[in-house]
Structure formats: C-alpha cells, structure tokens
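J.: Below you will find the structure I want to go over with you.
The values are calculated or read from the model by the stated rules, or taken from the named source; none is laboratory data. Everything quoted here is computed from the prediction, not taken from an experiment. In this analysis, Cβ positions are derived from the backbone assuming ideal geometry, glycine residues included, and neighbour counts consider all displayed protein chains. These accessible areas exclude ligands, DNA and RNA; they are computed on the full protein's heavy atoms, side chains included. Shrake-Rupley method; radii C 1.70, N 1.55, O 1.52, S 1.80 Å.
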Amino acid sequence: MSEDKKIRVIVSGGGTGGHIFPAIAIANALRRRVPDCEILFVGAEGRMEMEKVPRAGYEIVGLPVAGFDRKRLWRNFSVLLKLRRSLSKAAKVVSDFKPDVAVGVGGYASGPVLKKAQKAGIPTVVQEQNSYAGVTNKLLAAKAKAICTAYPDMERFFPEEKIVMTGNPVRHELLECTLSPTEARKKLGFDPEKPLLFVTGGSLGARTINESVISMLPFLEKEGIQLLWQTGKFYAERCESAAKGYNNVKAMPFIEDMALAYRGADLVVARAGACTISELQLLSKACILVPSPNVAEDHQRKNAEALSSRGAAVMILDSDAEEQLWSNVRSLMADSAKRNEMSKKINEMALNDSDNRIVDTILKQIDL
C-alpha cells in the first residue's frame with residue numbers, strides 16, 4: 001500500500017446493543033491506532049445502529065435487510081426480496097468505498113456486506129461474540145481471513161487455524177470509574193452503607209425479569225436491600241408505578257452511567273448477552289444471569305452455561321425466574337464470601353484489551 005493512501009475499513013452489523021457497542025469500540029480503537037483511517041459502517045435500516053453510530057461520530061449506510069421469521073415461514077417471501085435488494089446495495093457500497101478490509105460483528109447487515117466483500121477479493125474479519133456461533137458468521141467463516149472469538153472451544157464452528165481469541169470489546173468508560181462502591185452508591189442517591197442490587201434487562205427491557213422484580217419489592221425492603229432497576233423503555237410505566245412508595249428502589253427506563261451502576265452494585269441480575277457478560281467479567285461482578293429465550297440458537301443460555309459451569313455466575317432459566325430469582329438474590333446478598341468467590345472466578349475468564357487485539361487482527365489483513 002502506498003504511503004499516501006488512507007486505510008479504508010467497513011464495519012458491518014448491528015441490530016442490538018450487543019453488536020453495536022462492540023462495533024463502535026473496535027472503530028474507536030482503530031481510529032486511535034490509525035487516526036486518518038476512513039471507517040464506514042453498514043447497518044440495517046430501521047435498527048438502532050442507524051441512530052447510535054452517527055451519535056458516535058461515524059457515517060453509516062443502511063440496508064433494507066431483515067431477519068428470517070422462523071415461526072411464521074410464510075412471511076419470509078418479503079424477507080428474501082429485502083435480502084436480494086440488500087445484496088445489490090452491499091455490492092455497490094463495497095465497489096464505491098473500496099475498503100482494504102471488511103469487518104463483520106454479527107447482525108442482519110453483516111452477511112450481505114461481507115459476502116460481497118469476499119466476492120470482490122477483499123479480506124474479511126468476523127467477530128463472534130457468543131459461545132455458540134451464529135448462522136451468518138458460520139456461513140462467512142469459510143472465506144474469512146480471521147475469526148475473533150471470546151470463548152474457548154470455538155473450533156466446533158470455525159476452522160481452527162483462523163480463530164484468534166480476542167474477547168469482546170467493551171465501552172472504555174466502564175473501566176475508568178475510580179470511585180469506591182460506597183462512593184458510587186452515594187452518588188447514585190442510595191445509602192452508601194446498605195447493600196445494592198442492580199437489575200437490568202437491557203435498553204428495551206426483559207418482561208420476565210421485571211415481573212420477578214415486582215414480586216420481590218416487599219421482600220427487598222424487609223431485608224434492607226436497595227435496588228437500582230433499569231426497566232427498559234417498554235416496561236417503564238408499569239415498573240415505575242410498582243416502585244412508588246419504596247424508598248429503597250430507583251426504577252428508570254435507561255441508565256446513562258453504567259460505570260457508576262456497576263461500581264455501586266454488590267450483585268447484578270442481567271440477561272446473558274455477550275456484551276453484558278464481557279462487562280461483568282472485566283468488572284469482576286458477582287451476578288445472576290437470566291438468559292433470554294427469544295434469541296437465535298438459544299445462544300444466551302449457552303453463554304450463561306459457560307460461566308455457571310465454572311462457578312462464575314448463577315444461571316436461572318427465564319421460565320424459572322419468577323419462582324427462583326428472589327431466593328437466589330437473598331442467598332447471595334447474605335453471603336459476601338460466595339459473592340467474592342464468584343467475582344474472582346468471573347474475572348479469571350476476562351480478556352483485557354480486546355478492542356486492540358481485534359485491531360491487531362484487522363491490520364494484519366492489510367498490505368501496509
């Protein structure tokens with residue numbers, strides 16, 4: 001590559017925060033390493049990346065792609081039409097932008113973009129966040145130059161010689177909080193000397209977790225446990241109404257300062273998305289994971305099992321949450337030694353500096 005030619009990189013994928021935040025973290029790390037590189041995101045029209053990526057300072061192109069409806073197969077005719085249009089648009093994006101490398105982070109848009117990049121002879125890098133590989137990434141793996149993973153034993157899905165164990169990148173601000181737990185609780189508006197439970201079902205929310213928490217509210221108050229509760233926007237009204245009258249509870253649709261929330265929490269209850277798990281690992285948080293049953297290949301359950309089988313987390317299936325969540329919360333909040341043991345074990349699974357490891361892999365594919 002000539003010295004005056006700027007590096008061009010396409011980053012493709014999205015659909016959920018678990019895909020988008022790692023994608024942005026990779027782009028930020030790439031820009032820190034190669035300040036004048038040109039980065040173009042490609043996402044799915046109408047999905048949250050079309051809002052989050054520009055807010056992070058990057059240009060994004062949307063494809064009219066959608067996921068297959070596995071339950072109502074008759075609806076997939078329109079999905080196939082959208083896929084055809086997406087492949088055509090992806091080919092034009094690749095042809096016009098002329099990337100040196102294309103990176104797929106999973107999600108609807110990564111398939112068409114990386115497929116067309118591979119057809120054009122452009123090196124591609126796949127990032128698989130989960131312990132159970134997605135269909136799109138498995139299809140792209142054969143022609144990918146490298147596959148960045150976060151869990152061991154991924155040769156079940158990918159050619160072993162292409163696998164690079166990098167971990168999942170997380171938002172840097174989560175790692176930069178220097179407050180003590182008591183200072184964080186005070187800043188959050190809680191009694192700094194009382195234990196704090198942090199519950200989150202993600203930005204959209206998780207119905208089963210929220211319903212379980214509603215039934216727990218009287219018991220939390222009785223036990224002197226404080227609750228920071230990210231309800232998600234879909235459940236905000238019901239949950240905020242249920243929390244009224246409880247001085248030990250703060251319920252809100254979305255928490256901007258997640259670093260503060262994690263720092264102040266003695267125990268975290270969350271879904272088992274790959275991004276969330278990476279945050280919990282790096283921050284050494286004792287946790288109860290309630291995998292979402294509404295994801296492809298049931299990959300959240302497999303993510304959670306990868307931790308629970310090592311004593312690094314407690315897993316409760318979604319169908320069991322309303323019956324089992326409170327008893328597990330009460331037991332762990334009363335047992336600091338058990339929480340400390342879980343914190344140590346979950347941190348042992350963490351991979352630090354993942355964004356730079358992935359950038360190393362990306363830059364290796366470019367003829368500098």
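Condition check ((1) over 17 Å from ALA313 (Cβ atoms); (2) of a type in the set (Val, Ile, Thr); (3) touching a helix residue (DSSP H, G or I) at 6+ places or on another chain (Cβ under 6 Å); (4) open to solvent by less than 70 Å² (accessible area, probe 1.4 Å)) across all residues:
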{"position": "SER336", "(1), (2), (3), (4)": "no, no, no, yes"}
{"position": "ALA350", "(1), (2), (3), (4)": "no, no, yes, yes"}
{"position": "ARG357", "(1), (2), (3), (4)": "yes, no, no, no"}
{"position": "ASP367", "(1), (2), (3), (4)": "yes, no, no, no"}
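J.: Specify the residue that is farthest from GLU256 (Cα to Cα); the eligible residues are those in region 187-234 that are over 26 Å from the mean Cα position of the chain (by Cα) and among the acidic types (Asp, Glu).
T.: GLU223
J.: If I ask for residues that are at pLDDT below 90, within 19 Å of VAL126 (Cβ to Cβ) and open to solvent by 10 Å² or more (accessible area, probe 1.4 Å), which ones from region 18-45 would you list?
T.: If the condition is that a residue be at pLDDT below 90, within 19 Å of VAL126 (Cβ to Cβ) and open to solvent by 10 Å² or more (accessible area, probe 1.4 Å), then GLY18, HIS19, PHE21 are the ones that fit.
J.: Taking only pairs six or more apart or across chains, which ones have beta-carbon atoms under 7 Å, a first residue in region 178-195 that is closer than 13 Å to GLY224 by Cβ and open to solvent by 60 Å² or more (accessible area, probe 1.4 Å), and a second residue that is assigned to a loop (DSSP other than H, G, I, E, B) and modelled with pLDDT of 95 or more?
T.: LYS194/GLY224
J.: Limited to region 107-130, what total is found for residues that are open to solvent by 10 Å² or more (accessible area, probe 1.4 Å) and farther than 23 Å from ARG8 by Cα?
T.: 1
J.: Right, next: Of all residues in region 338-348, count the ones that are open to solvent by 70 Å² or more (accessible area, probe 1.4 Å) and either among the acidic types (Asp, Glu) or in contact with a helix residue (DSSP H, G or I) (Cβ under 7 Å, 6 or more places away or on another chain) (or both).
T.: Total satisfying the criteria: 3.
J.: What tally of residues in region 297-323 results from selecting those that are open to solvent by 40 Å² or more (accessible area, probe 1.4 Å) and within 18 Å of the chain's Cα centre (by Cα)?
T.: Qualifying residue count, region 297-323: 6.
J.: Could you please find all residues in region 136-146 being open to solvent by less than 60 Å² (accessible area, probe 1.4 Å) and touching a Pro at 6+ places or on another chain (Cβ under 7 Å)?
T.: Within region 136-146, just ALA141 meets the criteria.
J.: Same structure, new question: Looking at ALA133, is it out of contact with any strand residue (DSSP E or B) (no Cβ under 7 Å at 6 or more places or on another chain) and open to solvent by less than 20 Å² (accessible area, probe 1.4 Å)?
T.: Against the criterion (out of contact with any strand residue (DSSP E or B) (no Cβ under 7 Å at 6 or more places or on another chain) and open to solvent by less than 20 Å² (accessible area, probe 1.4 Å)), ALA133 qualifies.
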